[in-house]
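Asker: Here it is, the structure in full.
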Amino acid sequence: MNHDFIIMLKAAKFAAEKHRKQLRKGAESTPYINHPLEVARMLAEDGKVEDASIIAAALLHDTIEDTETTEEELLHHFGQEITSMVLEVTDDKSLEKNERKRLQIEHASHKSPGAALIKLADKISNVRDVGGSPPSHWDIQRRVDYLDWASAVVGALPLKDHILLTMFNEAVTQSRNQIEQAK
């Protein structure tokens, strides 16, 4: 069997196991694994990404940040390249939220090509959720602030003229329209 398929399937299984008890924060409370699956699908289908390491890292992108997964575990199971991309898109949860958000903007321009694509697809997914299925405790202003912040992160990424940038801008516009309708 093709090594690329195996590594992507291993990553999907690993992420599903790590996120198995988690739900998304949105009003619909969907299984958390749907988010990394959507990020990976978006990269492969919409973004035309054919690098299995990027797709595997997309599937794993929230494991260190949102589960008990360690860097050593990822290194053992997936190697340095995939682990490095995951680490590039992982927030340091020991920092306060505002500092993490500031650092995402500051560090965005230094992302590797693979990590930049994962960050972009992640933001598209999150922006869509903020418009269509936001956490119930998020008021209108928090949703608008999120869109502004996500736009700053994406604007700093070292990506130019990628189809996913157009998708991000469309997602922001659609979410802003949904927020306006919710007022």
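Asker: Which of the residues that make up region 156-183 are outside any helix (DSSP H, G or I) and either small (Gly, Ala, Ser) or within 23 Å of His110 (Cα to Cα) (or both)?
Answerer: Result: Leu157, Pro158, Leu159, Lys160, Asp161, His162.
Asker: Would you say Thr90 is surrounded by fewer than 24 Cβ atoms within 10 Å (Cβ to Cβ), at pLDDT 95 or above, under 14 Å from the mean Cα position of the chain (by Cα) and not in a helix (DSSP H, G or I)?
Answerer: Values: surrounded by fewer than 24 Cβ atoms within 10 Å (Cβ to Cβ): yes; at pLDDT 95 or above: yes; under 14 Å from the mean Cα position of the chain (by Cα): yes; not in a helix (DSSP H, G or I): yes.
So Thr90 fits the description; yes.
Asker: Kindly list the number of the only condition in (1) free of Cβ contacts under 8 Å to residues at least 60 places away in the same chain; (2) under 19 Å from Pro113 (Cβ atoms); (3) surrounded by fewer than 20 Cβ atoms within 10 Å (Cβ to Cβ); (4) touching an Asp or Glu at 6+ places or on another chain (Cβ under 9 Å) that fails for Asp51.
Answerer: The number of the failed condition is (1).
Asker: Then there's this: Just to be sure I understand the filter: pairs with C-beta atoms under 6 Å, separated by 6 or more residues or on different chains, first member in region 5-31 and part of a loop (DSSP other than H, G, I, E, B), second member of a type in the set (S, T, N, Q). Which pairs pass?
Answerer: Arg24/Thr30; Gly26/Ser133; Ala27/Ser133; Ala27/Ser136; Glu28/Ser133
Asker: Here's another thing I want to ask about it. Mind checking which residues of region 35-60 are over 15 Å from Lys10 (Cβ atoms) and either touching a His at 6+ places or on another chain (Cβ under 9 Å) or outside any helix (DSSP H, G or I) (or both)?
Answerer: His35, Val39, Gly47, Lys48, Val49, Glu50, Asp51
Asker: Still on this structure, please answer the following. Name every residue in region 68-119 that is touching a residue at least 60 places away in the same chain (Cβ under 8 Å) and under 13 Å from Ala58 (Cα atoms), in order of residue number.
Answerer: From region 68-119, those touching a residue at least 60 places away in the same chain (Cβ under 8 Å) are 77-78, 82, 114, 117-118; that's our starting set.
Listed by number, the residues that qualify are Phe78, Ile82, Gly114, Leu117, Ile118.
Asker: Somewhere in region 71-83, is a residue touching a Phe, Trp or Tyr at 6+ places or on another chain (Cβ under 7 Å) and either assigned to a helix (DSSP H, G or I) or surrounded by fewer than 24 Cβ atoms within 10 Å (Cβ to Cβ) (or both)?
Answerer: First, pick out the residues of region 71-83 that are touching a Phe, Trp or Tyr at 6+ places or on another chain (Cβ under 7 Å): 77.
From what is left, the residues that are either assigned to a helix (DSSP H, G or I) or surrounded by fewer than 24 Cβ atoms within 10 Å (Cβ to Cβ) (or both) are 77.
Looking through region 71-83, at least one residue is touching a Phe, Trp or Tyr at 6+ places or on another chain (Cβ under 7 Å) and either assigned to a helix (DSSP H, G or I) or surrounded by fewer than 24 Cβ atoms within 10 Å (Cβ to Cβ) (or both).
Asker: Quick one: count up the residues across region 12-25 that are small (Gly, Ala, Ser) and either over 15 Å from the mean Cα position of the chain (by Cα) or surrounded by fewer than 17 Cβ atoms within 10 Å (Cβ to Cβ) (or both). I'd like the intermediate steps shown before the answer.
Answerer: Residues of region 12-25 small (Gly, Ala, Ser): 12, 15-16.
Imposing the further condition that a residue be either over 15 Å from the mean Cα position of the chain (by Cα) or surrounded by fewer than 17 Cβ atoms within 10 Å (Cβ to Cβ) (or both) reduces the set to 16.
Total meeting the criteria: 1.
Asker: So, in region 147-166, exactly how many residues are surrounded by 18 or more Cβ atoms within 10 Å (Cβ to Cβ) and either under 14 Å from the mean Cα position of the chain (by Cα) or of a type in the set (D, E, K, R) (or both)?
Answerer: So the count comes out to 5.
Asker: Does Ile64 qualify as being modelled with pLDDT of 95 or more, touching an Asp or Glu at 6+ places or on another chain (Cβ under 7 Å) and surrounded by 14 or more Cβ atoms within 10 Å (Cβ to Cβ)?
Answerer: On the way: modelled with pLDDT of 95 or more: yes; touching an Asp or Glu at 6+ places or on another chain (Cβ under 7 Å): yes; surrounded by 14 or more Cβ atoms within 10 Å (Cβ to Cβ): yes.
Criteria met by Ile64.
Asker: To continue, here is another question. Name the residue that is nearest to the chain's Cα centre (by Cα), counting only residues in region 167-183 that are surrounded by 14 or more Cβ atoms within 10 Å (Cβ to Cβ) and small (Gly, Ala, Ser).
Answerer: Applying the filter and picking the extreme gives Ala171.
The values are calculated or read from the model by the stated rules, or taken from the named source; none is laboratory data. Since we're looking at a predicted model, the values are computed, not measured. A quick note on method: Cβ atoms are made from the backbone with ideal geometry, for glycine too, and the neighbour counts reach across all protein chains shown.
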